[in-house]
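The values are calculated or read from the model by the stated rules, or taken from the named source; none is laboratory data. Everything quoted here is computed from the prediction, not taken from an experiment. Glycine also receives a Cβ, built like all others from the backbone with ideal geometry; neighbour counts cover every protein chain displayed. SASA here: full protein model, heavy atoms, side chains in, ligands and nucleic acids out. Shrake-Rupley method; radii C 1.70, N 1.55, O 1.52, S 1.80 Å.
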Amino acid sequence: MTKPKVGIFGLTGCAGCQLEILNLEEQVLNLLALIDVSYWRMAQELPADPTNLDIAFIEGSITNEEEIHEVKEIRENANLVITIGSCAGSGGVQGMRNIMDNDKVKAAAYKDLSGVRSVPVKGVDEVIKVDYKIRGCPINRDDFVSIVTSLLLGRQPHVWNSPVCNECSMQNNDCFFERTTETPIYRSNICLGPITEAGCGARCPSNGMPCDGCRGLTSDPHISQLVTEARKRGETTEKILMLAKRYSAGSSAVKKSFEEMR
Amino acid sequence: MSEDKRINLEYIARVEGYGQLVVDIENQQLKEAQFRVLEGARFFEGIVSGKKHHEVPIIISRICAICSVSHSVVSTRAIERAIGVEPSEQTHALRKLLIYSETIQSHVLHEYFLALPDYLGKTSAIDLASTHPELVAKAFYGKKLGNDMQRIIGGRAIHPIRNVIGGFSKFATTEELTNLRDRLPQLIDETMETIKILASLPDQPTIGSRRDFVAIHDPSEYAYYDTDQLISGHSGPFPAADYQEHLLEEIRPYSHTKFSTLKGESFMVGALPRLNLNHANLTETGKEAFEYSRLILPDYDTFHNNMAQLIETVDCAQLSINLLDRFIADGFEKENFEYDLHPGNGTAATEAPRGLLIHQYTFDEDLRCSYSDVITPTAFNQLKMETDCEDLVPRIATKPKEEIELLLNMLVRAYDPCISCSAHSMKVDVKFV
Amino acid sequence: MKNKENPYIPFDATITSIKELNRFSKSYRFDSPEIRELNYEPGQFFEITIYGVGQSVIGATDSMFDEGFELAVLNTGGLVSSKLHQLEVGNVVGIRGPFGKPFPMDEFKGKNMLFICAGIGFWPVRSAIKHVLANRSDFGKMNVILGVREPSLFCYVNEVEEWIARDDITVQQTVDGIPEGEQWNGEVGLITVLTDKFEIDNPEDWVVLCVGPPVAFKFIGMSLNNRGFTDDQIYVSLERKMKCGIGKCNNCLIDGRVYVCQNGAVFTLAEVKALPGGLD
Amino acid sequence: MATYHPLIAPVPNGEDFVFAEVKSSKEIAFSFDKTKKSLKEFLLKPEEVLMTASFTEGKAKPAPIDDTMKILFGARPCDITALELFDQVFSIDYDDPYYLSHRKNTIILGLNCLNLCKNGFCGITESFAPKKGYDIMFTELPGEKFLVESGSLTGEKLIHKSMNVEGVKEEDRIPIIQTFKSMNDNLSNEKSLAGISSIMALDHQALWDEYGEKCLACNLCTSVCPTCWCFTVHERIAVSADDLSDVTKTEKYRHWTSCLFKDYHTVSGGHVFNPTTASRLEFYYKHKFKGIPEKFGVLGCVGCGRCVSACPVGIDIRESLERLTNVEIDIYEPSESSESSESSESSDVITELRL
């Protein structure tokens, strides 16, 4: 087996997905026995070679013209392009400014906007073809390992195709919707588990917090049913949709799913 | 012989996020030094506006993965102050434990993978693995332990889940805590050895400067988490809530970027400033580590931030042992989340691994965020990075270009800068060379 | 399978040859000690496991011991079929089976046989055709109708030509259309253009084996009804999601009660029509 | 013997009770309504590896089955009734070695209900007094005593070995007989699901459409249900982030799935057989009330009401059964006082059991 040449790229984001790869700890060395990392700015000194890649992993979302140019270059230089995390997959949290009053958002962050150049936040697949998306904010390392080994063995990565509720209900978690008691001060009374793709092991519900949809929609999201139920609990449609797009306002596909629902 | 050099360290590798240091040297004189951030703006203060109190910490921790615990902890604390929540002592202790975990994880990552390779003439941690496998093994041990602590206490290594407004949404089991407790002494021993190694390396770079530093301060302990006071080396303590009056932000003519200054001067935040200002409260184990380091305080040498991080790693490990012992013995009390929330303004200051981190929020009648201000350590340090060039370049300007590049790289890396976190608050003006 | 200790465990089989059937499909021949012991009948199916990838249900495409054990696979782009298309001679896969009810070939003895094969439906029917050819004197007349989307998608072309050359079997073929650049001198139109004009004398002497997409059953059934066939003379094979193959996991249930893997996959059209959702 | 086996029993979990391993009888919640989930997770694991093999070489072998003997205390009559179905499902035509091994190695200690539980309607489904399926059935008697009935040889041995048994007096049985009688009288005398299977064959599209509009397809109902056993089977490369050393290890594993998921009805190539939630709910009800009775001779519902408690959007199986059968089903809300009151006292008897 020849070692595939891999590049790991970061656009705009928190670097958490790359850090999650470093969090493989000593297994990073075993990973390096399987792949040839020829470009990874976070962990390597120059010179690095971002050309002729078998696999390019991209983290972070597109927020300016330079990044549009950069991803196009990555696409030209890589056989497979895989996004890691919700920023690269669907815009990430910073994408929320797409669906807010953009001028107000910018003004709240900077007093003088003259030096700030930005474009609406985009997931990478808005600009180039993406072969696979590793979901989550952040991704989890088991997912990453499973996908990398799948690719090495010429196997398509596994897709869950069911909601977070599937994994959540296998554990002894309390359902956030089940309870009619008052919502505690620290959390929302909406759980996005029913419309969010599984694969995280129901991480947030297992830690006492409702799912906030970081892995994106399932292939069969029952959005209107969720909105109906949440409205019964006193939420406005607008707020529910804002919550549902927390990690995905930079994706036109997600936008379409919500429009279809209306 | 005079030579004009324009050194452009684009993509200073081995820092989290992407930054650029442009240094113009003309006739062996520094003409201009600019530290720039290449990442796109994310407008976090804008994004959280209008969001409910409980949504803000989840979103704001995404500013930076490596400091996500600090952002989560400082934002929940600031919001609690704003809306009238006073969590239990247990919650404060658990948050401290989280911060210690993050500090251990972050310091170990930075020291072994990002800083030490320079001191040992290596280009990367991977390179280091071939000649110093024992150092790499230590690095993985400490980093994994720090991460496991964050997983077990916070629910996840990156972007913790369990730390919420008013307390914790879930607690670790005694078995989990005992497992962590039993692994910490080895980290202390190994870090002590590394301190001795670093202290014994000859010909280390130094920088001649006496610029000020700032950290949070608590008279009773070496503070990492939320105090009322900030303290500076030259001018003493002031209330954390008044940070905007003391740590002024100003515009400099040569740059669009905002700079934090203390009385118009640059200052440093991070491990070295904390050590300088709070060393009296180190644990006994921490003091032992300090002895091995051979540092003499006050220490203004930015390069020594690396050593200070190692001392703090030991100190945090000891503080963690103390807290874990307590929780193993006493268990956890169920949290009380019953509060009458009200609108208001609140500030919290904490120490992220790479320095002072301040969040301030205002919430309206609807408990939606109407104002927020986040100042990250890398933003505080930005001006200091540039003034350090003014201090360092004259001493090294006659050296070959490669050596100057390496030294400037080491200088920037010593700050352990995290550019992801500064990207949201700094203006970006990218000149691609 | 009944007495096997653990019905979930496949046996290993090595790929001995691979043939390209058309640009989307390949056929695979396998061998292993277990395969040589294998006993199966036309219409039964197997579950093929690609270790570490997944499992897929595939009907047998030949008759027992004629040419060995063979399965044909269309690359749908799915997990298993796409990986199967990358495999090479010598690779190992896992096989479980046979599963399901076969075509009741013994009951058909003495009958005239009409085989209707829409698209890849040809493959499982082929095993029945070969069974009849191997026991030709047990059966009456024999007609085969083949339909594919376009001429280049016909499979087992040499074999079909051999059948055409025989005088004890009538083969008719049609294509839905002819894309530019392809040659076809035969019939053009959906498979019902052939069934619509199928000449029969005594409908009760006939049995029809029809495999294709379920949606085609509706139209073919109507066409055959018009020619005088009743629904209980028409045998079809249904496709459903199958995971365990042994009636436990419920994925292949129709109408909450009929297990395709155990009660089928072969049904008469009459049975299917009585099943709500059967023709979906 | 009981002392040496792990004991699983109901323990409090937030507002609910769940089955969990306990170290001492003090942890056991004796006065529990019913556990939130059924006991099926101990017999049909949420996820179970069936086989291990090599990616390149195959050589599949069965995964080792955890066959340590366990004792499960606190199975309610509805749970035990459901086992009658499961026992058939996993042994008919083909033996399922995983289920059968767990079943064989789990000693089931039942606990009769003396009160109707929240949302339960076992009177209608006649699943409040199973005749078999347990090793021992306990019934709480006045005076800190239990009536014990063995349902198996193991149970009988256990009773004689580990308990102080005194003869049963007829008056001891009176309260139990009365309870059972009242469940029968009040609920199933004139109310019965007989004929439900033919009712299910009729067209109830309006009902399915109405539920389809509400249903989140979250699968909480199927996951808590003691009679739902749908699973799916996948292959995976069993490489974890903690061990990347051998990337050719593979596993065939199964995990619970639900007929409410689109994926459940999707075949290779992408066709979806039950594309709407309404059609999936129809499938769900038809399986429980037509398919299962026809194949196994029992109802696919034991009236435990767990799905009613679990449903986030308030779909109530009692309401749907009422609408399907025109049989009115009493909705019972237990009051505080009607819950069993003897918790700590009764532990004495259990201690003697040396669980």
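Within region B:274-303, which residues are modelled with pLDDT under 95, under 16 Å from B:Ile195 (Cα atoms), open to solvent by 30 Å² or more (accessible area, probe 1.4 Å) and not basic (Lys, Arg)?
B:Ile296, the sole residue that qualifies.
Quick check: anything in region C:63-78 of a type outside the set (Gly, Ala, Ser), open to solvent by less than 10 Å² (accessible area, probe 1.4 Å) and in contact (Cβ under 8 Å) with a residue 60 or more places away in the chain?
Scanning region C:63-78 turns up no residue that is of a type outside the set (Gly, Ala, Ser), open to solvent by less than 10 Å² (accessible area, probe 1.4 Å) and in contact (Cβ under 8 Å) with a residue 60 or more places away in the chain.
Condition test on C:Gly177, is it in a loop (DSSP other than H, G, I, E, B), surrounded by 12 or more Cβ atoms within 10 Å (Cβ to Cβ) and out of contact with any Gly (no Cβ under 7 Å at 6 or more places or on another chain)? Lay out the reasoning, then the answer.
Working: in a loop (DSSP other than H, G, I, E, B): yes; surrounded by 12 or more Cβ atoms within 10 Å (Cβ to Cβ): yes; out of contact with any Gly (no Cβ under 7 Å at 6 or more places or on another chain): yes.
When the stated conditions are applied, C:Gly177 passes them.
What number of residues in region B:159-193 are of a type in the set (Ser, Thr, Tyr) and either in a loop (DSSP other than H, G, I, E, B) or open to solvent by less than 10 Å² (accessible area, probe 1.4 Å) (or both)? Before the answer, list the steps.
Kept after step one, since they are of a type in the set (Ser, Thr, Tyr), are these residues of region B:159-193: B:169, B:173-174, B:178, B:191.
Now narrow it down to the ones that are either in a loop (DSSP other than H, G, I, E, B) or open to solvent by less than 10 Å² (accessible area, probe 1.4 Å) (or both): B:169, B:173, B:191.
Within region B:159-193, residues that are of a type in the set (Ser, Thr, Tyr) and either in a loop (DSSP other than H, G, I, E, B) or open to solvent by less than 10 Å² (accessible area, probe 1.4 Å) (or both) number 3.
Please work out if D:Glu27 is over 14 Å from the mean Cα position of the chain (by Cα), within 30 Å of D:Thr248 (Cβ to Cβ) and not aromatic (Phe, Trp, Tyr).
So D:Glu27 does not fit the description; no.
Given the options B:Glu402, B:Glu365, name the one that is modelled with pLDDT of 90 or more, open to solvent by 10 Å² or more (accessible area, probe 1.4 Å) and out of contact with any strand residue (DSSP E or B) (no Cβ under 9 Å at 6 or more places or on another chain).
B:Glu365
Condition first: under 20 Å from the mean Cα position of the chain (by Cα), open to solvent by less than 80 Å² (accessible area, probe 1.4 Å) and closer than 30 Å to B:Asp373 by Cα. Can you find one or more residues in region B:201-211 that meet it?
Within region B:201-211 (the criterion being under 20 Å from the mean Cα position of the chain (by Cα), open to solvent by less than 80 Å² (accessible area, probe 1.4 Å) and closer than 30 Å to B:Asp373 by Cα), the answer is yes, since at least one residue qualifies.
Looking for whichever is facing another protein chain (nearest Cβ under 7 Å) and over 20 Å from the mean Cα position of the chain (by Cα) here; the options are D:Thr276, D:Thr248, D:Thr266. Which one fits?
Answer to the check: D:Thr266.
Please find, among A:Ser224, A:Ser219, the residue that is within 7 Å of another protein chain (Cβ to nearest Cβ) and either in contact with a helix residue (DSSP H, G or I) (Cβ under 9 Å, 6 or more places away or on another chain) or at pLDDT below 90 (or both).
On inspection, the qualifying residue turns out to be A:Ser219.
Scanning region A:155-175 for residues that are open to solvent by less than 30 Å² (accessible area, probe 1.4 Å) and over 26 Å from D:Leu44 (Cβ atoms), which turns out nearest to the other protein chains (Cβ to nearest Cβ)?
A:Arg155
Considering only residues that are among the small types (Gly, Ala, Ser) and surrounded by 22 or more Cβ atoms within 10 Å (Cβ to Cβ), look in region D:24-57 and name the one that is nearest to the other protein chains (Cβ to nearest Cβ).
Per the stated criteria, the residue is D:Ala53.
Would you mention how many residues in region D:213-249 are touching a residue at least 24 places away in the same chain (Cβ under 8 Å) and crowded, with 19+ Cβ neighbours inside 10 Å?
Of the residues in region D:213-249, 23 are touching a residue at least 24 places away in the same chain (Cβ under 8 Å) and crowded, with 19+ Cβ neighbours inside 10 Å.
Would you say A:Met42 is under 27 Å from B:Ile126 (Cβ atoms) and either buried (at least 18 other Cβ atoms within 10 Å of the Cβ) or in contact (Cβ under 8 Å) with a residue 12 or more places away in the chain (or both)?
Against the criterion (under 27 Å from B:Ile126 (Cβ atoms) and either buried (at least 18 other Cβ atoms within 10 Å of the Cβ) or in contact (Cβ under 8 Å) with a residue 12 or more places away in the chain (or both)), A:Met42 qualifies.
Since C:Pro104 meets every condition but one in (1) surrounded by fewer than 23 Cβ atoms within 10 Å (Cβ to Cβ); (2) modelled with pLDDT under 90, which condition does it not meet?
Every condition holds for C:Pro104 apart from (2).
Condition first: under 25 Å from D:Glu21 (Cα atoms) and open to solvent by 60 Å² or more (accessible area, probe 1.4 Å). Now tell me which residues in region D:61-74 satisfy that. Spell out how you get there, then give the answer.
Our first condition is that a residue be under 25 Å from D:Glu21 (Cα atoms); within region D:61-74, this holds for D:63-74.
Passing the criteria: D:Pro64, D:Asp66, D:Asp67, D:Thr68.
Are there any pairs with C-beta distances below 9 angstrom linking a residue in region C:107-121 that is in contact (Cβ under 8 Å) with a residue 40 or more places away in the chain to a residue that is among the charged types (D, E, K, R) and surrounded by 23 or more Cβ atoms within 10 Å (Cβ to Cβ), with the two at least 6 apart or on different chains, and if so which?
Pairs found: C:Phe115/C:Arg126; C:Cys117/C:Arg126.
Just a yes or no: is a residue in region C:89-107 in contact with an Asp or Glu (Cβ under 9 Å, 6 or more places away or on another chain) and at positive phi?
Yes: one or more hits.
Going by what's in this entry, would B:Asp226 be described as open to solvent by 20 Å² or more (accessible area, probe 1.4 Å), in contact with a strand residue (DSSP E or B) (Cβ under 9 Å, 6 or more places away or on another chain) and either among the polar types (S, T, N, Q) or part of a loop (DSSP other than H, G, I, E, B) (or both)?
On the way: open to solvent by 20 Å² or more (accessible area, probe 1.4 Å): yes; in contact with a strand residue (DSSP E or B) (Cβ under 9 Å, 6 or more places away or on another chain): yes; either among the polar types (S, T, N, Q) or part of a loop (DSSP other than H, G, I, E, B) (or both): yes.
Criteria met by B:Asp226.
Which numbered condition in (1) part of a strand (DSSP E or B); (2) open to solvent by 10 Å² or more (accessible area, probe 1.4 Å); (3) under 30 Å from B:Val393 (Cα atoms) is the only one that B:Lys196 fails?
(1) is the only condition that B:Lys196 fails.
Does C:Thr76 count as more than 30 Å from C:Pro203 (Cα to Cα), away from chain D (no Cβ under 11 Å) and of a type in the set (Ser, Thr, Tyr)?
no
If you go through region D:148-158 one residue at a time, how many are open to solvent by less than 60 Å² (accessible area, probe 1.4 Å) and over 23 Å from the mean Cα position of the chain (by Cα)?
1
Cβ contacts < 6 Å: first residue more than 11 Å from C:Val148 (Cβ to Cβ), restricted to region C:171-182; second residue open to solvent by 60 Å² or more (accessible area, probe 1.4 Å) and modelled with pLDDT of 90 or more, any location; separation 6+ or different chain. Result?
C:Val171/C:Ile164
Against the definition (more than 7 Å from every other protein chain (Cβ to nearest Cβ) and in a loop (DSSP other than H, G, I, E, B)), how does D:Asp209 come out, yes or no?
No: the conditions fail for D:Asp209.
Please go through region C:254-270 and give me each residue that is of a type in the set (D, E, K, R) and touching an Asp or Glu at 6+ places or on another chain (Cβ under 8 Å), ordered by number.
Selection gives C:Arg257 alone.
Could you name every one of the helices (runs of 4 or more DSSP H) located completely within region A:1-101 that has at least 3 residues being away from every other protein chain (no Cβ under 11 Å) and over 19 Å from the mean Cα position of the chain (by Cα)?
Counting at least 3 such residues, we get A:65-77.
Only one of B:Arg95, B:Arg62 is surrounded by 20 or more Cβ atoms within 10 Å (Cβ to Cβ), in contact (Cβ under 8 Å) with a residue 60 or more places away in the chain, away from every other protein chain (no Cβ under 12 Å) and out of contact with any Ser or Thr (no Cβ under 7 Å at 6 or more places or on another chain); which?
B:Arg95
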